[in-house]
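**Student:** The structure's right below; bear with me while I get my questions together.
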DNA sequence: GAATTAAGGATACATCATATCCGCAAATTG
DNA sequence: CAATTTGCGGATATGATGTATCCTTAATTC
C-alpha cells in the first residue's frame, strides 16, 4: 500500500503556491525546476489539483497555477485525494458469500465485520489528514526552514511568477 | 493506495482458525474451498502469516494451520502487516533538497514537515488496527452471522480439520 | 505572428499484484 | 516400507498500475 510520489509533489507545490502574492501564477516549469522533478509528469499532478478545483490556472506566458482558495481552507486530505483518488484502501469482495454452507439467496443486512474495521482505520487516516490545513504546513515550514533559504527561494519564485 | 486482496483473505482465514478446537489444524485446501479462493495463491498469504509467527503449521495429511497464540493476543495490524508489510504508505524523497537556492552540503535536522504529517496519519491508521483484536472480530461475527450458518460452517470445518 | 502555457491523448516502460505450476522435504496413513 | 498429503519456496506468466515522455490543441502575452 504505497502512495504515489505525485502526492509528495503536489503537497510541496501547494506549499509554494501558498506563498505566492495575490493574483500571481507559477508555471509547471518553475515548480519542476524548484523541486527537480520531471516537468511533463509533474504536470499531471497539477492537472489533478486543477480538476479538484484546488488551484486556478491561466494560459500563455506568465501563466501557470495559483491556489483557488486561501491556504487555511485547503487541508492535506483535499490534496491527497485530488491526486490519489477518494477510493477506500480496503475493498470488501464478500468472500464469505462463497461459503458452501450458505443457503442460496441469503443476503447480509450489514457490511462485513472485517470491512467495517478496515474502513474505520481508513477514516482515522483521512481524519488526521483533514485536520491539517495547508496554512499549518506553511507555518511549520516558515519556522523550520532557515530564514535565508526561505527568503532566497521566494525571490527565485517571484522572478518566475507571472 | 490499495491493499492487496490477500489482506482480506488472511483476516477471514484467521477468523476461522480462531474457531478451531485446541490442537487441530486446517489445511489451505479447506480454507480455499470455504472462501472460494485460488488455493495456490491463498497459500502465499498463509505463508506470510506463518513467517510472522501468527500461525503454526504441520505437514502431512491432517496437517495445515492453527493460530500460534490466543485470538485475544492477535490484532488486525499483526495480520495486515504480515501480508502487506510494515513499510509506511508515504515515502519522503526529500525533493526539497533539489531546491536550486539551497546551499550545498546543507542538511536538515528534522524530517520533512510534509512527511511528518503523512506519517502521523499512517500511525492513526495503524493504531486503529492495533486496537481491534482477532477475538473482537470473532465476537462480532458470532453475533451477526445467523446461528445456523455459524454452526454448519464449523461442522464443515471440523470435518476437514486434522 | 511568434512564443509560452495548461490540457489531454497516445505511447512506452518498469514495477507489482495476481495466479499457476513444479519439485522438495516432512508428516501421516495403511 | 510405500503411498499420500501437506507446507514451503522457486520459477514463470499475465494484467493492472505508477512513472515518464512526446505530441497536438487552444488560449494568452508581447
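Please treat every number below as a calculation from the coordinates, not as lab data. Given the structure is predicted, the values throughout are model-derived calculations rather than measurements. Heads up, the Cβs are rebuilt from the backbone with ideal geometry, glycines too, and the neighbour counts pull from every protein chain shown.
**Student:** Using only Cα atoms, locate the centre of the range B:109-138 and the centre of the range A:78-114, then give the distance between them in Å, rounded to an integer.
**Tutor:** For the range B:109-138 versus the range A:78-114, the Cα centre distance is 22 Å.
**Student:** Of B:32, B:124, B:104, which has the largest mean-square fluctuation in a 10 Å C-alpha GNM of chain B?
**Tutor:** Result: B:104 has the largest fluctuation of those listed.
**Student:** Running a GNM on chain A with Cα contacts under 10 Å, which residue among A:67, A:46, A:149 ends up with the highest mean-square fluctuation?
**Tutor:** The residue with the greatest mean-square fluctuation here is A:149.
**Student:** What does the extension gain come out to for residue B:143 and residue B:50, with contour length at 0.36 nm per residue minus their alpha carbon separation?
**Tutor:** Net length gain for the segment: 30.6 nm.
**Student:** Of all the C-alpha pairs in the range B:34-76, what % are more than 16 Å from each other?
**Tutor:** Taking all Cα-Cα pairs of the range B:34-76, the fraction more than 16 Å apart is 45 percent.
**Student:** Given the options B:135, B:50, B:89, which has the most mean-square fluctuation in a GNM of chain B, springs set between C-alpha atoms less than 10 angstrom apart?
**Tutor:** B:89
**Student:** Further question on the same structure: Over the range B:43-138, consider all pairs of different Cα atoms and compute the Kirkwood hydrodynamic radius from their mean reciprocal separation; express it in Å, one decimal.
**Tutor:** Numbers: mean 1/r = 0.0606 Å⁻¹.
For the range B:43-138, the Kirkwood estimate is 16.5 Å.
**Student:** Exposure proxy check: B:31, B:77 ranked by fewest other beta carbons within 10 Å?
**Tutor:** B:77, B:31
**Student:** Still on this structure, I have one more. Can you sort A:49, A:59 from fewest to most other Cβ atoms within 10 Å of each residue's own Cβ?
**Tutor:** Taking fewest neighbouring Cβ atoms as first place, the list is A:59, A:49.
**Student:** Moving on. So what's chain B giving for Cα Rg divided by 2.2 N^0.38 Å, two decimals? Display every interim value, and only then the final one.
**Tutor:** Details: Rg = 20.7 Å, N = 162, 2.2 N^0.38 = 15.2 Å.
Dividing the Cα Rg of chain B by 2.2 N^0.38 Å gives 1.36.
**Student:** Taking the Cβ of each residue in A:154, A:90 as the centre, tally the other Cβ atoms inside 10 Å and list the residues starting with the fewest.
**Tutor:** Starting with the residue having the fewest Cβ neighbours, the order is A:154, A:90.
**Student:** Next question, about the same structure. Per Stokes-Einstein, at 10 °C and 1.306 mPa s, what whole-number D in µm² s⁻¹ belongs to the range B:87-162, with the Kirkwood radius over Cα pairs as the hydrodynamic radius?
**Tutor:** 91
**Student:** Over chain B, what relative contact order in percent results from Cα pairs under 8 Å that are six or more residues apart?
**Tutor:** It comes to 32 percent, rounded to a whole number.
**Student:** For the protein assembly as shown, what ratio Rg/Rh do Cα atoms give with a Kirkwood hydrodynamic radius?
**Tutor:** Radius of gyration relative to Kirkwood radius: 1.11.
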